[in-house]
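Contents: one structure, followed by commentary.
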Amino acid sequence: MFRFALIAALAALLAGCVSGGGTSYSTQTYLQITDAGAGPINGSTRYSEAAFKEALPWADVRTVQMARENSTGWTLAIFRDDIQVIQLFKGSDGRVGEINGVTQHLTGPNGERIGMSLREAGVSRSSCRNGNNLWRGMAICPARRSENVTLVFAIPGYRGPFDVLPSAEDLQDAELQRIIWKP
């Protein structure tokens, strides 16, 4: 009887994930990042904790330190169930200027999820550029059919060269690290 209960518990646990080309992704989606923004948050949203909580009632807003391509700094992030979902960056007009999606619990404009390979995301190497500074050795690519969304891919254990975009073969299994929206 214990064996059947264990099998049932494992089946229930696995039911929360779906397979995407060999990688498991959560089926629970908190937000979708599209050309318009991240759910209800976009370039017209005031950059404030109150505005973020109004737009996303479930949001736990915290200050986090993070790394961008050319710098590190402090910004506001939205958490849900203790999982960091997005990082928000202030624009020059006191509104949201950039959003970085950082969890598999969100999707990009074409269904992309953090952890997905470049191959699974359907991105062409020819559309990508090599990352600089803190993101050197990473591929920075526009999302398919999108003007405002960029995808950042990293190759686990990549050893270079870092001054050029990794080869097409190396990039196929690069993992999506961020989904970035800019107005």
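Structure values in brief
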read-out	value
Test: residue in the stretch 155-162 that is modelled with pLDDT of 90 or more and within 30 Å of ARG95 (Cβ to Cβ)	no
Unique residue being open to solvent by 10 Å² or more (accessible area, probe 1.4 Å) and either on the phi < 0 side of the Ramachandran plot or touching a residue at least 24 places away in the same chain (Cβ under 8 Å) (or both) when the list is PRO183, PRO166	PRO183
Filter result (over 24 Å from SER124 (Cα atoms), β-branched (Val, Ile, Thr) and touching a strand residue (DSSP E or B) at 6+ places or on another chain (Cβ under 8 Å)) within the stretch 59-110	VAL61, THR63, VAL64, THR72, THR75, ILE78, VAL85, ILE86, VAL96
Extreme residue, nearest to ARG136 (Cα to Cα), among residues of the stretch 66-81 that are modelled with pLDDT under 95 and not hydrophobic (A, V, I, L, M, F, W, C)	GLU69
Residue count for the stretch 104-127, restricted to those that are assigned to a helix (DSSP H, G or I), in contact with a Leu (Cβ under 8 Å, 6 or more places away or on another chain) and either farther than 22 Å from ASP170 by Cβ or open to solvent by 40 Å² or more (accessible area, probe 1.4 Å) (or both)	1
Subset of the stretch 129-153 that is in a strand (DSSP E or B) and not aliphatic (A, V, I, L, M) - its residue that is nearest to ALA174 (Cα to Cα)	PHE153
Odd one out for ALA55 among (1) touching an Asp or Glu at 6+ places or on another chain (Cβ under 6 Å); (2) modelled with pLDDT of 95 or more	(1)
Given (1) out of contact with any Gly (no Cβ under 7 Å at 6 or more places or on another chain); (2) exposed (fewer than 15 other Cβ atoms within 10 Å of the Cβ), index of the condition GLY160 fails	(1)
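The values are calculated or read from the model by the stated rules, or taken from the named source; none is laboratory data. Fair warning: this is a prediction, and the values are worked out from it, not measured in the lab. Virtual Cβ from ideal backbone geometry, glycine too; neighbours counted across all protein chains shown. Areas reflect the complete protein model, heavy atoms only, side chains present, ligands, DNA and RNA absent. Shrake-Rupley method; radii C 1.70, N 1.55, O 1.52, S 1.80 Å.
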